[in-house]
1. Can you name every residue in region 86-129 that is within 17 Å of residue 160 (Cα to Cα) and among the basic types (Lys, Arg)?
2. Does residue 121 meet the test of being modelled with pLDDT of 50 or more, of a type in the set (Lys, Arg) and more than 25 Å from residue 158 (Cα to Cα)?
3. If you go through region 125-152 one residue at a time, how many are within 15 Å of residue 59 (Cβ to Cβ), surrounded by fewer than 17 Cβ atoms within 10 Å (Cβ to Cβ) and polar (S, T, N, Q)?
4. Select from region 155-182 the residues that are basic (Lys, Arg) and surrounded by 13 or more Cβ atoms within 10 Å (Cβ to Cβ) and write down the one among them that is farthest from residue 204 (Cα to Cα).
5. Looking only at region 209-227, decide whether some residue is assigned to a strand (DSSP E or B) and surrounded by 13 or more Cβ atoms within 10 Å (Cβ to Cβ).
6. Quick one: in region 165-205, which of the residues that are of a type in the set (D, E, K, R) and in contact with a helix residue (DSSP H, G or I) (Cβ under 9 Å, 6 or more places away or on another chain) is nearest to residue 59 (Cα to Cα)?
7. What helices (runs of 4 or more DSSP H) completely inside region 98-196 contain at least 3 residues that are closer than 20 Å to residue 229 by Cα?
Amino acid sequence: MPVASLSPPSLGHCCQKSLPFSLKSSFLSNPTKTQFSFALKTTQKRASSHIVSMSMEAGIGVMGTKLGMMSYFETDGTVVPVTVVGFREGNIVTQVKTSATDGYDAVQVGYRRVRDKKLTKPELGHLGKTGVIPMRHLQEFRLQSVEEFETGQKLAVEEIFKERDLVDVSGTTIGKGFQGGIKRHNFKRGQMSHGSKSHRALGSIGAGTTPGRVYKGKKMPGRMGVAKERFENSRL
């Protein structure tokens, strides 16, 4: 699914360039309350900061916030569903790791400015050591070379990505609550007529005496969403 990159406000998502290069579209869309984060989830409670490592081959990436969806028309008239991503204050290099000091080369990037009281003292100390603003999310990108990066450097999305680039996007999906098998696992429902009494019910969930239990991992109704997802080769 294509991803349109904006620069207005929003929250936590992370993009990495995937093989070739290409886009930066500017679509206007009203921000929604749905926040799809590249690396972190957004809930009513305070989301704890954590570090996630990405692949070395993909290179440097950025974090952003999903603003909503829209349609984009190609020159041949094809309608393409597009995800609009915005960028809050952040995408600043908070730490540069080298083989000499840490055993590997990586760049740590911070995203989404918050008030000091939203972070713990160790987090504030870590960010204060390099003199950067307090940020909620930290993302680490392992690289083959970190010579061109320095702490406090701001990553410009328009310089990293170009129009029609292929990128890998990962983030936490929106929570959908407790859902049945049809919505959660795309099960087929039963007949609605001809005397059928099984419409959206799950049906049999296992054998009888042997094994005499339900196998672990059985697809059943349950909480849906709030899961880490990754979409590869999305076109900007």
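1. Selection gives 88 alone.
2. Judged against the criteria, residue 121 is a match.
3. Counting residues in region 125-152 that are within 15 Å of residue 59 (Cβ to Cβ), surrounded by fewer than 17 Cβ atoms within 10 Å (Cβ to Cβ) and polar (S, T, N, Q) gives 2.
4. By that ranking, first place goes to 162.
5. Yes - at least one qualifying residue is present in region 209-227.
6. Only one residue fits best here, namely 176.
7. Values: elements: 99-102, 121-129, 157-160, 181-185.
Once the helices (runs of 4 or more DSSP H) in region 98-196 are filtered for at least 3 residues that are closer than 20 Å to residue 229 by Cα, what remains is 181-185.
To keep it simple, each residue is scored yes or no on (1) within 19 Å of residue 64 (Cβ to Cβ); (2) at pLDDT 90 or above.
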residue	(1), (2)
134	yes, yes
140	yes, yes
163	yes, no
177	no, yes
180	no, yes
194	no, yes
207	no, no
218	no, yes
223	no, yes
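The values are calculated or read from the model by the stated rules, or taken from the named source; none is laboratory data. Nothing here was measured: the structure is a model prediction, and the numbers come from that model. Neighbour counts run over all protein chains shown; Cβ positions are idealised from the backbone, glycine included.
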